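To keep things clear, I will list the structure first and then write my remarks on it.
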Amino acid sequence: EPEVTQTPSHQVTQMGQEVILRCVPISNHLYFYWYRQILGQKVEFLVSFYNNEISEKSEIFDDQFSVERPDGSNFTLKIRSTKLEDSAMYFCASSGQGISNEKLFFGSGTQLSVL
Amino acid sequence: KQEVTQIPAALSVPEGENLVLNCSFTDSAIYNLQWFRQDPGKGLTSLLLIQSSQREQTSGRLNASLDKSSGRSTLYIAASQPGDSATYLCAARKEGNRKFTFGMGTQVRVKL
């Protein structure tokens, strides 16, 4: 069965450093997302991406965050200058188009620890 | 602003018992609602998706109902098994956007 893959599974970084989280969505999907889950809290929406541009973003997704689809398969989330409160599990997800392809498929996540 | 609440927060049942998990949402203008399963330290697996025009969806031992007007969805798991132990999350998507709003989840433990 096709799946969303994320790398790395764990990332430890120092406050102020830049990190790039990588994702390979399901190949025929057209919508891509990043969500995050801080330990003990709800899964939160960060951003959705369609047709090579951001279609929606949350208040969390400020100027420190950016997304990119650098080629036909990868989808990345960059955090420019990490803060302690960015520590969370970051999930990439993708979905297809049309009413029968609305299900969100999630990757296994990248656990980001900012020290 | 959409708020999604799940009750109970945790549930422990003996094997074979049926499970009933509740989800409520404050804004009834939803486009669809998904139920997910999350295992510790893992990603989310979509179990069922109900469109706003539907009343229920079934997959094997799982059945999800949706009552838009009252802002509620219920996930039923028949004849629970130890392998059903996980956290179950409900997420609602509003009309006009693609963002899902999640609940905190119900942590389920099925005892042998």
So the FRET efficiency between residue B:67 and residue B:109, C-beta based with R0 = 22 Å and rounded to 0.05, is 0.20
Students often get this wrong: which residues of segment B:43-60 have the backbone nitrogen under 17 Å from the point 7 angstrom along Cα-to-C-beta of residue B:78? B:48, B:56-60
Between B:66, B:29, B:96, whose Cα lies farthest towards the positive end of the dipole of segment B:1-105 when Lys and Arg beta carbons carry +1 and Asp and Glu beta carbons carry -1, centred on the Cα centre? B:96
Toy charge model, Lys and Arg Cβ at +1, Asp and Glu Cβ at -1: the protein assembly as shown dipole around Cα centroid in debye, rounded to 20, equals 240 debye
Explain nothing, just compute: Karplus ³J(HN,Hα) = 6.51 cos²θ - 1.76 cosθ + 1.60, θ = phi - 60°, for every residue of segment B:50-61 in order, whole Hz, x for Gly and Pro. 10, 6, 4, 7, 9, 9, 7, 9, 10, 8, x, 7
Pick out which of B:24, B:73, B:85 has the largest mean-square fluctuation in a Gaussian network model of chain B, springs linking Cα atoms closer than 10 Å. B:85
List the relative contact order of chain A as a percent without decimals, with contacts defined as Cα pairs under 8 Å and 6+ residues apart. 38 percent
Exactly which trypsin sites (Lys or Arg not before Pro) in segment B:20-73 are in a DSSP loop and have at most 12 other Cβ atoms within 10 Å? B:55
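What number, in percent, do you get for the relative contact order of chain B if the mean sequence gap of Cα pairs under 8 Å and at least 6 apart is divided by its residue count?
Over chain B, the number comes to 37 percent.
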Structure shown: which of A:42/B:111; A:78/B:94; A:42/B:94; B:42/B:68; A:83/B:1 lie over 23 Å apart, alpha-carbon to alpha-carbon? A:42/B:111; A:78/B:94; B:42/B:68; A:83/B:1
Top mean-square fluctuation among B:97, B:22, B:32, Gaussian network model of chain B, C-alpha springs under 10 Å? B:97
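Among bridges DSSP assigns within the protein assembly as shown, what percent are antiparallel (round to 5)?
90 percent
Taken together, the values in this text are just the output of simple stated rules run on the coordinates, not laboratory data. These figures come from a predicted structure and were not determined experimentally. FYI the Cβ positions are ideal-geometry reconstructions off the backbone, even for glycines, and counts take in every protein chain you see.
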